[in-house]
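Enquirer: This is the structure I have questions about; it appears just below.
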Amino acid sequence: MNTLKFKRFILTILLICPLFWANAQTARLDNSMQFAAFDKALKKSGLAFTFPAGFKEIKAVNNREFSFNYAMELPEKDFEIWLRVNSIKENKALLKDNHQQINVDSAYAFIIKQQALAFSDDNDWLTRPIPSFILTRYNADVGKTYLVNLKDSPVTKHYKYALMIVLAKYNTGSVFGICLTNNKGPEFFKNMFEASNCLKFKSPEKADK
């Protein structure tokens, strides 16, 4: 990985994201126990979720090292998305448990860095803040992206690469997503953007609904 590649990658996001934001489709989702629990977590965190077309629900990894609420895959596409949502109360508890003396609205940065350390054997990460006009589409206040090389592990199903994305809304909560792939080519970004409209923070007038 290098800076030029990352700039091209960010440019691709900025150009394509609005297209999928306007044209993403919805899909029916079976009312699984996993989704029912995820839906409760979404409400506590002020988030709205639309299941993306073409995806299939899979069992989320939830252990001491990797804790996720929900997971999806694109069948036969070698691509998965794992999601973790935290309410502001959960972020406060997370910081306390890890002895972090930082403002709770900074928990998002701690979450993504800790996950990058857990997923990767090196610190050769490409990380950038998410631009404000992208944050606006998701009703978020802050966010970051990390592109990492994954360590070989059965937990991550031996995937090679991960794009990590975290978004946070002040006084509300955060959402952390990881896109897993074995190929960082154009197909990966196409698959990722198929789900780009699935999660966003509720607007103020809908936050209490």
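Enquirer: Could you pull out the residue among 168, 140 that is under 16 Å from the mean Cα position of the chain (by Cα), modelled with pLDDT of 95 or more, part of a strand (DSSP E or B) and more than 23 Å from residue 74 (Cβ to Cβ)? Explain how you work it out, then say what you get.
Expert: Working: 140 fails: part of a strand (DSSP E or B).
It is 168.
Enquirer: Quick check, is residue 195 under 20 Å from residue 89 (Cβ atoms), touching a residue at least 24 places away in the same chain (Cβ under 8 Å) and either open to solvent by less than 20 Å² (accessible area, probe 1.4 Å) or of a type in the set (Lys, Arg) (or both)? Reasoning before the result, please.
Expert: Working: under 20 Å from residue 89 (Cβ atoms): no; touching a residue at least 24 places away in the same chain (Cβ under 8 Å): yes; either open to solvent by less than 20 Å² (accessible area, probe 1.4 Å) or of a type in the set (Lys, Arg) (or both): yes.
So residue 195 fails the test.
Enquirer: If you don't mind, there's one more thing I want to ask. Looking at region 123-136, is at least one residue among the aromatic types (Phe, Trp, Tyr), over 15 Å from the mean Cα position of the chain (by Cα) and open to solvent by 60 Å² or more (accessible area, probe 1.4 Å)?
Expert: First, the residues of region 123-136 that are among the aromatic types (Phe, Trp, Tyr): 125, 133.
Adding the requirement that they be over 15 Å from the mean Cα position of the chain (by Cα) leaves 125, 133.
Then drop every residue that is not open to solvent by 60 Å² or more (accessible area, probe 1.4 Å), which leaves 133.
Yes: one or more hits.
Enquirer: Sticking with this structure for a sec: Go through (1) in a loop (DSSP other than H, G, I, E, B); (2) surrounded by 19 or more Cβ atoms within 10 Å (Cβ to Cβ) one by one and return the number of the condition residue 152 breaks.
Expert: Every listed condition holds for residue 152 apart from (2).
Enquirer: Right, another one. Restricting attention to region 99-124, report how many residues are assigned to a loop (DSSP other than H, G, I, E, B) and without any contact (Cβ under 8 Å) to a residue 24 or more places away in the chain. If you could, list the steps in order and put the result at the bottom.
Expert: Filtering region 99-124 for residues assigned to a loop (DSSP other than H, G, I, E, B) gives 99-103, 120-124.
Add one more test, that the residue is without any contact (Cβ under 8 Å) to a residue 24 or more places away in the chain, and what stays is 99-103, 123.
Residues in region 99-124 being assigned to a loop (DSSP other than H, G, I, E, B) and without any contact (Cβ under 8 Å) to a residue 24 or more places away in the chain: 6 in total.
Enquirer: Kindly list the number of the only condition in (1) within 26 Å of residue 35 (Cβ to Cβ); (2) in a helix (DSSP H, G or I); (3) open to solvent by less than 40 Å² (accessible area, probe 1.4 Å) that fails for residue 93.
Expert: Just one mismatch for residue 93, condition (3).
Enquirer: Further, regarding this structure: Checking the condition of a type outside the set (S, T, N, Q), over 17 Å from the mean Cα position of the chain (by Cα) and surrounded by 14 or more Cβ atoms within 10 Å (Cβ to Cβ), which residue from 113, 77 passes?
Expert: On the way: 113 fails: over 17 Å from the mean Cα position of the chain (by Cα).
Only one candidate qualifies: 77.
The values are calculated or read from the model by the stated rules, or taken from the named source; none is laboratory data. Since we're looking at a predicted model, the values are computed, not measured. Glycine gets a Cβ as well: all are built from the backbone with ideal geometry, and neighbour counts include every protein chain shown. Each accessible area value is taken on the protein alone, full model and side chains, heavy atoms only, with ligands, DNA and RNA left out. Shrake-Rupley method; radii C 1.70, N 1.55, O 1.52, S 1.80 Å.
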